[in-house]
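**Q** Next up is a structure, given as C-alpha cells.
The values are calculated or read from the model by the stated rules, or taken from the named source; none is laboratory data. Bear in mind that the values here come from a model prediction, so they are computed numbers and not experimental data. A quick note on method: Cβ atoms are made from the backbone with ideal geometry, for glycine too, and the neighbour counts reach across all protein chains shown. We work out accessible area using only protein heavy atoms, side chains counted, and drop any ligands, DNA or RNA first. Shrake-Rupley method; radii C 1.70, N 1.55, O 1.52, S 1.80 Å.
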Amino acid sequence: MTEPQIIGISPSIEKIRRLIRRVADVNLTVLITGESGVGKELVARALHYYSSRRDKPFVKVNCAALPGELIESELFGYEKGAFTGADRRKPGKFEAAGEGTIFLDEIGEIPLPMQAKLLQVLQDLKFSRIGGNQEIQSQARVVAATNVNLEAEVSRGRFREDLYFRINTISIPVPPLRERREDLEPLVHFFMKQFKKEQALEPYPVPDSLMELFLAYHWPGNVRELENYLKRLCVLRNATEIREELRRSLDEHPLRAAGDNGPRPSEDFIVARVTREVRALTEGAREFPSLREIRDRAVERVERAILEYVLREVNWNRREAARILKISYRALLYKIKEMNLRP
Ligand SMILES: Nc1ncnc2c1ncn2[C@@H]1O[C@H](COP(=O)(O)OP(=O)(O)OP(=O)(O)O)[C@@H](O)[C@H]1O
Ligand SMILES: [Mg+2]
C-alpha cells in the first residue's frame, strides 16, 4: 500500500490527519462519516497505513453493493454444502482480513437481521462460516463508513442503536468541500501532479476565471467531483465548457452556494424571518396551502430577505455581495432585477 495522501490546509483536514495518527493503533471501531466523495475511503486507508497492521491486508466490503442475503456469506464465508451451490468452502472477508483491517463501506445499508449478527461478532470477536460449527477468532480491526445520518436511521428504527454505539466509539466526520474551500487550491495542485504521474496526463493550469467559480460552487459531489472536472480539463485543454456548466449550476442554485464566510445573518434572524414569511403565507389564505407551495414561496421570500440583508450590509456594493453569497455577479444582478430590489 502506498502512503495515502490526505491533502488540505483547512483546520478540519489538519485535525483529521492528527486524529488518524492518534487512533490508528487503538483497537476500537472507527466510524467515518461524510457526504459522498469527501474522502471517507481515503481516511480508512490512512488509518490502516499508519497502524502496525500496515503489512497485513486491507479488505473493503461495499455493503450497499450486496443484496441483503449475500452479506452474511460475503462477510463470514461458508462451508462446502452449506446451501445449494456451495460446492466448496469459501472464506469470508473477515477471514481474508486476518490481522489487517476490514473496511465496511456504507454500513448503513446492512439489513437489520445482519446488524444483530455483526454486533455479536464485534462483541465476541468470534464468528463461524455459514454451515460450519468451528469458531474462528476475529482479529481484524473494523473501520466503517457511511454517508447517511446513522443517528436518524436509529431513530427511525432502521439501524440498531446498540450497533451504532458499538461502531461509533471513535468517529471521524469529514466535512463537505464547500465548508473548507481553502483546500481547493492544494487539491488542484495535487490532482494535476497525480494525473501526470499515474495517467501521463499533461497538467493544464486552472485559469483564474475558473478558480473563482470553483471557490463559489457548492460541490455536491465533493472532492471526487473536483477530481473529475480537473481530469476533464486536462483532456479537453479548454475551460470554456466547464465554466459554462458551473455558471449554470450557480445561477440555478444561488442559495445552495451561499457562503460560510463574510457577514452572516444570525440564526435567530433567519428563523424569525422564515416564521414570519410562512405565517404571512398561511394567514390570508382561504385554504391551507400545500406543503410544496409553502416551501417554494418560503424559499423565495427567504432568498429575498437574505439578499436585502447582505446588500444592506455591504452598502449595495454588488461585487462584494456576490462574493459573499458565492454567486456570480451576473446572477446577482439578475436576482436584483427579478426581485425588484432597491437601495
Ligand atoms: N483530502 C484529499 N486529498 C487527496 N485526495 C482526496 C482527498 N479527499 C478525497 N480524495 C480523493 O477523492 C476521491 C473520492 O474519495 P473517496 O473515495 O475516499 O470518497 P468517499 O467519501 O469514500 O466517497 P463515497 O461516499 O462516494 O464512497 C478519491 O480519488 C480520493 O483519493
Ligand atoms: Mg467510498
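**Q** Mind giving me the nanometre distance, one decimal, between the label points for residue 116 and residue 235, set 7 Å out from Cα along Cα→Cβ?
**A** That separation, rounded to one decimal, is 4.8 nm.
**Q** I would also like to ask the following. In debye, nearest 20, what is the charge dipole magnitude of the chain about its Cα centre with +1 on Lys and Arg Cβ and -1 on Asp and Glu Cβ, if you could check?
**A** The dipole magnitude comes to about 500 debye.
**Q** Then there is this: To the nearest 20 debye, what charge dipole does segment 13-134 have about its Cα centre, counting +1 at the Cβ of each Lys and Arg and -1 at the Cβ of each Asp and Glu?
**A** 500 debye
**Q** Note down the relative contact order for segment 1-110 as a percent, whole number, built from C-alpha pairs under 8 angstrom at least six residues apart.
**A** 27 percent
**Q** With labels modelled as points extended 7 Å from the Cα through the Cβ direction, what inter-label distance (nm, one decimal) is found for residue 286 paired with residue 171?
**A** Between residue 286 and residue 171, the simple spin-label model gives 4.9 nm.
**Q** Which percent, nearest 5, of DSSP beta bridges in the chain are antiparallel?
**A** DSSP beta bridges in the chain are roughly 20 percent antiparallel.
**Q** Same structure again: Put a dot 7 Å past each Cα toward the Cβ at residue 215 and residue 308; how far apart are the dots in nm?
**A** For the pair residue 308/residue 215, the computed spacing is 3.0 nm.
**Q** Counting only protein chains, not ligands or nucleic acids, how are 29, 84 ordered by accessible area (probe 1.4 Å), most first?
**A** 84, 29
**Q** Order 328, 52 by their accessible area, 1.4 angstrom probe, all chains in place, largest first.
**A** Result, largest first: 52, 328.
**Q** With everything on Cα atoms, drop me the angle between helix 267-283 and the longest principal axis of the chain, reported from 0 to 90° to the nearest 10.
**A** 70 degrees
**Q** Quote the Stokes-Einstein diffusion coefficient, in whole µm² s⁻¹, for the chain, based on the Kirkwood radius over alpha carbon pairs, a temperature of 20 °C and a viscosity of 1.002 mPa s.
**A** Rounded, D is 91 µm²/s.
**Q** Where nothing but the Cβ of Lys and Arg (+1) and of Asp and Glu (-1) is charged, how large is the charge dipole of segment 178-252 around its Cα centre, in debye to the nearest 20?
**A** That gives a dipole near 280 debye.
**Q** With r as the distance between the Cβ atoms of residue 18 and residue 139 and R0 = 35 Å, compute the FRET efficiency 1/(1 + (r/R0)^6) and round to 0.05.
**A** Working from the Cβ atoms, E equals 0.85.
**Q** So, one more: Ignoring ligands, DNA and RNA, what accessible area per residue does segment 11-175 give at 1.4 Å, in Å²?
**A** Value returned for segment 11-175: 49 Å² of accessible area per residue.
**Q** Just subtract the alpha-carbon distance of residue 208 and residue 99 from 0.36 nm times their residue separation and send over the number in nm, one decimal.
**A** Result for the pair: 34.4 nm of gain on full extension.
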